[in-house]
Amino acid sequence: MFMRTIKMTLATGLLAAGLALPALAGDKDPAAAADESVVQKIGHGEINWSKKTVTATGSGAANLKDGPVAVARLNAERAAKLDALRNVIETIQGIQVTATRSAGDVMSNGEIRSRIQGMAQGFKVVDTKYYSDGSVDVVVQMPIDDNLTNALVEKPKKPHKISTEGAASYTGLIVNARGLGLTPSMAPRIVDEAGKEVYGTEVVSEKGLKQGGIVGYAKADAQATERVGDKPLVLKGLRLVDKSKTDVVIANGDADKLRDPNQNLSFLADGKVVILVD
């Protein structure tokens, strides 16, 4: 009965925005949902925007002149890790931070670049492949966490306060941007039809950033519910902002719902927002 109630609550908002009803626990194989992650290939690595990770592969060739095969392989593994580090940093540079700036642009600042290089050195090895010729491939991964976000995303000078009084009517926000050709970014904006920002960096709190960044991206509806809860406000993206591939326009009436001073909109400050993409 409880699960049926959740489904009925979700169905009303999702169908109104042209979405299918999200599968809930027990309805869909989690592995299948994982296959629907929003993944962006960059150089020798990839960004998983759904899982908030940067993954890259490094390769090291064995030099049998180094001595025994075991020694040559160990040196190859070290070389592979150094190559992986370079590729992780290259992948990070390709991340779109805002509509007009990439991480590479931000990292032209030497201090920021050094900070991010330090973070990248803490990568985790998730797979190692040894070959008969002694060469080695390593697959490494690092999170897109609040440390990386704070390094790349400029903090607003004047945070925007939203209404947080009373009981919350919604547990989160889903914006359906399917079919718009949106490119994921670290700091996207949701704006009204006049281009005035409704949601972005000025709204999300430090606590919200630590809970998963400014927004989440998903293909599968079931993935969205993990972040936004069982009673999200579901809105339809009309189009992308002119000359932007990252920022979404919503209808003025929908924007008003996110500005209502009589509503508890704490889910926005908590970053409980997901953008659905193809």
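Could you report the stretch 81-237's accessible area per residue, 1.4 Å probe, as an integer in Å²?
Working: 7480 Å² over 157 residues.
That works out to 48 Å² for each residue.
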Relative contact order for the stretch 142-241: what percent, with Cα pairs under 8 Å and sequence separation of 6 or more? 42
Gyration tensor (Cα only) of the stretch 43-144 to equivalent ellipsoid, semi-axes in Å sorted down, yields 30, 14, 10
Remind me, relative contact order of the chain in percent, using alpha carbon pairs under 8 angstrom and six or more residues apart? 23
Cα centroids of the stretch 131-183 and the stretch 47-122: how far apart, whole angstrom? 20
Among 244-255, 104-115, how do they line up from the highest to the lowest mean number of other beta-carbon atoms within 10 Å? 244-255, 104-115
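Cβ neighbours within 10 Å, averaged per peptide: list 210-222, 73-85 in order, most packed at the top. List each step's numbers first, then the result.
Values: 210-222: 21.5, 73-85: 19.4.
Top to bottom by mean Cβ count within 10 Å: 210-222, 73-85.
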With -39,500 (n - 2.57) per DSSP H segment of 4 or more residues and division by the full residue count of the chain, the 222 nm estimate, nearest 500 deg cm²/dmol, is -9000 deg cm²/dmol
Using only the alpha-carbon atoms, how far is helix 69-93 inclined from the longest principal axis of the chain? Give it as 0 to 90 degrees, nearest 10. 30
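Which links in Lys129/Lys245; Lys158/Lys219; Lys124/Lys243; Lys124/Lys155; Lys41/Lys158 stretch past 30 Å when you go from one Cα to the other?
Numbers: Lys129/Lys245 37 Å; Lys158/Lys219 33 Å; Lys124/Lys243 37 Å; Lys124/Lys155 28 Å; Lys41/Lys158 35 Å.
In this structure, Lys129/Lys245; Lys158/Lys219; Lys124/Lys243; Lys41/Lys158 lie more than 30 Å apart at Cα.
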The set of residues whose placed amide H lies less than 5 Å from the amide H of Ser102, leaving out same-chain residues fewer than 5 positions away, is Val97
Quick one: putting +1 on the C-beta of Lys and Arg, -1 on the C-beta of Asp and Glu, what dipole do you get for the chain around its Cα centre, in Debye to the nearest 20? 260
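The values are calculated or read from the model by the stated rules, or taken from the named source; none is laboratory data. From a predicted model like this one, the values you see are computed outputs, not experimental measurements. Note: ideal-geometry Cβ built from the backbone for every residue, glycine included; neighbour counts use all protein chains shown. Protein only, heavy atoms only, side chains kept; ligands, DNA and RNA dropped before computing areas. Shrake-Rupley method; radii C 1.70, N 1.55, O 1.52, S 1.80 Å.
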